[in-house]
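Undergrad: Input: one structure, supplied below.
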Amino acid sequence: MPRAPSAADRDLWSRTLSLLLLAFICYALPLSVLAALPASQNGQPVLRLQGSNTIGAKLGPDLIKGLFEAQGLHDIHSQPGARENEQRLIARQADGRLVMVEVAAHGSGTGFTALKDGSADLAASSRPIKDGEVASLDGLGNMRSPQAEQIIAIDGLAIILHPSNPVGTLSVDQVAQLFSGEIGNWAALGGKPGAVRLYARDDNSGTYDTFKELVLAPGGRTLATAAQRFESSNQLSDAVSGDPNGIGFIGLPYIRQAKAVAIAAGNSQPMPPSTTLIATEDYPLSRRLFLYNQPQPDNPWARALIDFAHSPRGQAIVERNGFIAQTVQAVKVAADARMPADYRQLAERAQRLSVNFRFQEGSATLDNKAHRDLGRVLDYLKQHDKLQGKVVLVGFGDPKSDPQRAELLSKLRAMAVRRELARQGVLPRDVTGLGDELPVAANSEDNGRIRNRRVEVWVY
């Protein structure tokens with residue numbers, strides 16, 4: 001006779017059945033069954049997203065459609081809004097009820113204005129929130145907190161020319177001189193003689209704000225009044241690619257038929273707007289793309305969209321839109337004789353992860369992106385069995401009067417990252433600091449010094 005199952009057998013079967021049931025619930029059923037979100041009522045949108053054209057033109061709508069799909073909605077489509085650069089994303093729940101989201105893409109500044117007056121639930125921004133906007137929105141909470149500030153993608157400001165223009169490399173200062181009108185003929189830069197024609201985004205654009213901050217402001221310059229201004233990124237890019245004497249600045253996905261040049265900052269090597277250099281934010285004109293919400297959002301669709309944007313499915317949509325996803329990858333770096341000896345050895349024997357840890361301004365505290373990146377790096381190390389003795393952390397900084405102090409501070413930054421990773425069971429192979437070696441930005445400005453204070457992650 002078969003023996004009766006023991007208590008241990010029954011417990012094992014019970015746990016196995018529970019796991020199978022949980023797997024069925026999580027993977028076989030749509031997210032809408034797990035966490036149903038409310039439908040639109042009286043023709044009102046469930047979510048209003050306003051701000052950056054860089055995000056709102058296509059990335060934001062595609063993330064919303066992806067969230068709709070994850071929620072198990074159907075009949076997903078878009079309709080033009082009341083004005084240019086506005087649209088509605090519409091879908092239906094299983095019971096036929098309508099779900100509608102409104103997107104307005106008139107520039108980053110308009111998003112923060114809309115948060116303040118209550119006409120938006122989320123602000124899309126292609127530059128960090130300004131001090132004045134933080135103060136204006138103080139009633140909503142701390143808009144720089146990790147709960148409010150969400151970095152959903154990395155982008156690079158490409159400096160674009162007509163494909164026939166022979167100029168292939170520019171320094172940030174040369175770009176500033178061109179757009180301020182100080183350099184007015186391409187012959188001054190080794191190009192074909194011809195008057196430089198400028199193409200720029202409009203005043204509401206976060207792209208323009210970023211350009212001002214990274215390019216014009218360090219030298220106290222302003223944009224030349226002769227520049228043609230555009231609300232649409234696509235229209236600007238197409239105008240440059242049709243003008244042999246044109247130059248413009250644009251988000252990475254909008255290069256289209258134009259030619260992007262390599263950019264140098266300070267003593268850095270010229271860098272093209274490549275995926276890896278933008279992912280690590282080493283490229284001089286790289287920038288973060290943000291969603292901002294009140295720290296304790298009362299709109300469940302706002303929280304759902306933020307969570308979806310951070311998820312692997314959301315980051316895949318980021319990548320498909322031409323931006324740089326924050327998915328961690330290992331990249332082989334070519335060794336160079338100009339590298340410090342220890343760093344060159346790393347390049348020869350190890351791989352660099354596509355993420356840099358950076359810090360809050362004037363602080364040894366990791367910034368909001370770095371806190372998210374800790375989880376991403378940890379996931380990568382677990383998946384590739386690199387938790388023990390396979391990681392090297394390399395800290396960098398800006399120059400100090402005493403080079404030994406610069407080296408010490410850079411190592412302390414790397415040790416701060418080590419402490420965070422050690423809490424999750426990571427035992428690094430080595431932690432080192434290289435001081436002010438290998439700058440990626442000019443140390444003459446605060447912004448550049450902040451970018452140079454970073455920690456790289458290498459794996460064997």
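The values are calculated or read from the model by the stated rules, or taken from the named source; none is laboratory data. Quick caveat: nothing in here was measured; it's all calculated off a predicted structure. So basically every Cβ, Gly included, is an ideal-geometry build from the backbone, and we count neighbours across all protein chains shown.
Undergrad: For residues that are touching a Leu at 6+ places or on another chain (Cβ under 6 Å) and surrounded by 18 or more Cβ atoms within 10 Å (Cβ to Cβ), tally how many sit in the stretch 288-303. Quick ask: steps written out before the conclusion?
TA: Taking the stretch 288-303 as the starting set, the residues that turn out to be touching a Leu at 6+ places or on another chain (Cβ under 6 Å) are 291, 293-294, 300-302.
Going one step further and asking which of them are surrounded by 18 or more Cβ atoms within 10 Å (Cβ to Cβ), we end up with 291, 293-294, 301-302.
Residues that pass the stated criteria total 5.
Undergrad: Does GLY96 satisfy the criteria of being outside any strand (DSSP E or B) and either surrounded by 16 or more Cβ atoms within 10 Å (Cβ to Cβ) or among the basic types (Lys, Arg) (or both)? Step through it out loud before you land on a result.
TA: Values: outside any strand (DSSP E or B): yes; either surrounded by 16 or more Cβ atoms within 10 Å (Cβ to Cβ) or among the basic types (Lys, Arg) (or both): no.
Considered against the rule, which asks whether it is outside any strand (DSSP E or B) and either surrounded by 16 or more Cβ atoms within 10 Å (Cβ to Cβ) or among the basic types (Lys, Arg) (or both), GLY96 comes out as no.
Undergrad: Let me ask something additional. Against the definition (out of contact with any Asp or Glu (no Cβ under 9 Å at 6 or more places or on another chain) and without any contact (Cβ under 8 Å) to a residue 40 or more places away in the chain), how does PRO300 come out, yes or no?
TA: On the way: out of contact with any Asp or Glu (no Cβ under 9 Å at 6 or more places or on another chain): yes; without any contact (Cβ under 8 Å) to a residue 40 or more places away in the chain: no.
Criteria not met by PRO300.
Undergrad: Could I ask something else about it? Could you grab me the full set of residues in the stretch 114-151 that are surrounded by fewer than 20 Cβ atoms within 10 Å (Cβ to Cβ) and assigned to a loop (DSSP other than H, G, I, E, B)?
TA: Those that are surrounded by fewer than 20 Cβ atoms within 10 Å (Cβ to Cβ) and assigned to a loop (DSSP other than H, G, I, E, B): GLY118, SER119, LYS130, GLY141, ASN142, ARG144, SER145, PRO146, GLN147.
Undergrad: Looking at the stretch 394-406 only, could you name the residues that are over 17 Å from GLY362 (Cα atoms) and out of contact with any Leu (no Cβ under 7 Å at 6 or more places or on another chain)?
TA: Applying the first criterion (over 17 Å from GLY362 (Cα atoms)) to the stretch 394-406 yields 394, 401-404.
Residues satisfying the conditions are SER401, ASP402, PRO403, GLN404.
Undergrad: If I ask for residues that are at pLDDT 90 or above, crowded, with 21+ Cβ neighbours inside 10 Å and part of a loop (DSSP other than H, G, I, E, B), which ones from the stretch 262-279 would you list?
TA: ALA265, PRO273
Undergrad: Select from the stretch 188-216 the residues that are free of Cβ contacts under 8 Å to residues at least 40 places away in the same chain, surrounded by 15 or more Cβ atoms within 10 Å (Cβ to Cβ) and among the aliphatic types (A, V, I, L, M) and list them in ascending order.
TA: LEU189
For (1) touching a residue at least 24 places away in the same chain (Cβ under 8 Å); (2) surrounded by 15 or more Cβ atoms within 10 Å (Cβ to Cβ); (3) not acidic (Asp, Glu), each residue gets a yes or a no:
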site	(1), (2), (3)
ASP307	no, no, no
HIS310	yes, yes, yes
ASP336	no, no, no
TYR343	yes, yes, yes
ARG349	yes, no, yes
LEU353	yes, yes, yes
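Undergrad: Let me ask something else. Taking the stretch 442-460 as the search range and keeping residues that are modelled with pLDDT under 90 and part of a loop (DSSP other than H, G, I, E, B), which one is surrounded by the most Cβ atoms within 10 Å (Cβ to Cβ)?
TA: Among them, the one singled out is ALA442.
Undergrad: Next question, about the same structure. So, in the stretch 99-113, how many residues would count as being out of contact with any helix residue (DSSP H, G or I) (no Cβ under 7 Å at 6 or more places or on another chain) and either in a helix (DSSP H, G or I) or free of Cβ contacts under 8 Å to residues at least 40 places away in the same chain (or both)?
TA: 4
Undergrad: Are any residues in the stretch 429-441 in contact (Cβ under 8 Å) with a residue 40 or more places away in the chain and either part of a helix (DSSP H, G or I) or over 16 Å from VAL417 (Cβ atoms) (or both), and if so, which ones? Spell out the reasoning first.
TA: So the first thing to find is which residues in the stretch 429-441 are in contact (Cβ under 8 Å) with a residue 40 or more places away in the chain, and the list is 429, 432, 434, 436-441.
If the condition is that a residue be in contact (Cβ under 8 Å) with a residue 40 or more places away in the chain and either part of a helix (DSSP H, G or I) or over 16 Å from VAL417 (Cβ atoms) (or both), then ASP436, GLU437, LEU438, PRO439, VAL440, ALA441 are the ones that fit.
Undergrad: Taking interchain pairs and intrachain pairs at least six residues apart, which have beta carbon atoms under 8 angstrom, with the first residue in the stretch 444-460 and without any contact (Cβ under 8 Å) to a residue 24 or more places away in the chain and the second small (Gly, Ala, Ser) and surrounded by fewer than 18 Cβ atoms within 10 Å (Cβ to Cβ)?
TA: Note: no pairs meet the criteria.
Each row is one residue, and each column tells you yes or no for (1) surrounded by fewer than 21 Cβ atoms within 10 Å (Cβ to Cβ); (2) in a helix (DSSP H, G or I).
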{"position": "SER363", "(1), (2)": "yes, no"}
{"position": "LEU378", "(1), (2)": "yes, yes"}
{"position": "VAL394", "(1), (2)": "no, no"}
{"position": "LYS400", "(1), (2)": "yes, no"}
{"position": "LEU409", "(1), (2)": "yes, yes"}
{"position": "LEU412", "(1), (2)": "yes, yes"}
{"position": "MET415", "(1), (2)": "yes, yes"}
{"position": "GLU420", "(1), (2)": "yes, yes"}
{"position": "GLY425", "(1), (2)": "yes, no"}
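Undergrad: Next up: Examine the stretch 198-205 for a residue that is more than 21 Å from LYS58 (Cα to Cα) and either over 25 Å from the mean Cα position of the chain (by Cα) or at pLDDT below 95 (or both), and state whether such a residue exists. Before the answer, list the steps.
TA: Within the stretch 198-205, the subset more than 21 Å from LYS58 (Cα to Cα) is 198-199.
Going one step further and asking which of them are either over 25 Å from the mean Cα position of the chain (by Cα) or at pLDDT below 95 (or both), we end up with 198.
Yes, because at least one residue in the stretch 198-205 is more than 21 Å from LYS58 (Cα to Cα) and either over 25 Å from the mean Cα position of the chain (by Cα) or at pLDDT below 95 (or both).
Undergrad: Another one. Mind telling me which of the residues ALA337, ALA441 ends up being within 30 Å of ALA148 (Cβ to Cβ) and of a type in the set (Gly, Ala, Ser)? So that I can check it myself, show each step before the final result.
TA: Working: ALA337 fails: within 30 Å of ALA148 (Cβ to Cβ).
Going through ALA337, ALA441 in turn, the sole match is ALA441.
Undergrad: Okay, moving on. Every residue in the stretch 76-93 that is loosely packed, with under 12 Cβ neighbours inside 10 Å and not in a loop (DSSP other than H, G, I, E, B), please.
TA: Answer for the stretch 76-93, where residues must be loosely packed, with under 12 Cβ neighbours inside 10 Å and not in a loop (DSSP other than H, G, I, E, B): HIS77, GLN79, PRO80.
Undergrad: Turning to a different aspect of this structure: Need pairs with beta-carbon distance below 6 Å; first residue of a type in the set (Asp, Glu) and within the stretch 131-156, second surrounded by fewer than 14 Cβ atoms within 10 Å (Cβ to Cβ) and at pLDDT 95 or above; sequence gap 6+ or separate chains.
TA: none
Undergrad: A further question on this structure: Considering only the stretch 172-189, how many residues are of a type outside the set (S, T, N, Q) and closer than 16 Å to ILE263 by Cβ? First the steps, then the outcome.
TA: Applying the first criterion (of a type outside the set (S, T, N, Q)) to the stretch 172-189 yields 172-173, 175-176, 178-179, 181-184, 186-189.
Applying the additional criterion that residues be closer than 16 Å to ILE263 by Cβ yields 172-173, 175-176, 178-179, 183, 189.
The number of residues fulfilling the criteria is 8.
Residues are listed down the side, and each one gets a yes or a no for (1) touching a Ser or Thr at 6+ places or on another chain (Cβ under 6 Å); (2) under 24 Å from ASN142 (Cβ atoms); (3) of a type in the set (A, V, I, L, M, F, W, C):
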| position | (1), (2), (3) |
| --- | --- |
| LYS58 | no, no, no |
| LYS65 | no, no, no |
| ASP75 | no, no, no |
| VAL101 | no, no, yes |
| GLY107 | yes, yes, no |
| PHE112 | no, yes, yes |
| SER125 | yes, yes, no |
